[in-house]
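In what follows, a single structure is set out as structure tokens and then discussed.
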Amino acid sequence: MKLDHFNEVADLIGLKKRPREAVWLMEVEGMTGYYAARQMDLSESTVSRAHSRFRKALKQVNSLSRFLPL
């Protein structure tokens, strides 16, 4: 995933800086939620909720893509 695309989805759901970086670590770097939370000094719960919101938004964007003109 490109950084621009990641940021567009993250902006849509209003992810703040540190949870956004934790989600990036999980989605792009392949880090687990536990280690992303530790690295960003966040609770696992915060990272889990941010990641869940991101994945849900990404799924919704992908489902709408068939309606967009190419």
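What to note about this one:
- The chain has equivalent-ellipsoid semi-axes of 24, 11, 10 Å, by the square roots of 5 times the alpha carbon gyration tensor eigenvalues, sorted largest first.
- Difference of contour (0.36 nm per residue) and Cα-Cα distance, K16 to K56: 12.7 nm
- Angle in degrees between helix 3-13 and the longest Cα principal axis of the chain, rounded to the nearest 10: 90
Computed from the coordinates by the stated procedures, all read-outs in this text should not be read as laboratory data. Keep in mind that what you see is a predicted model, and the values were worked out from it rather than measured.
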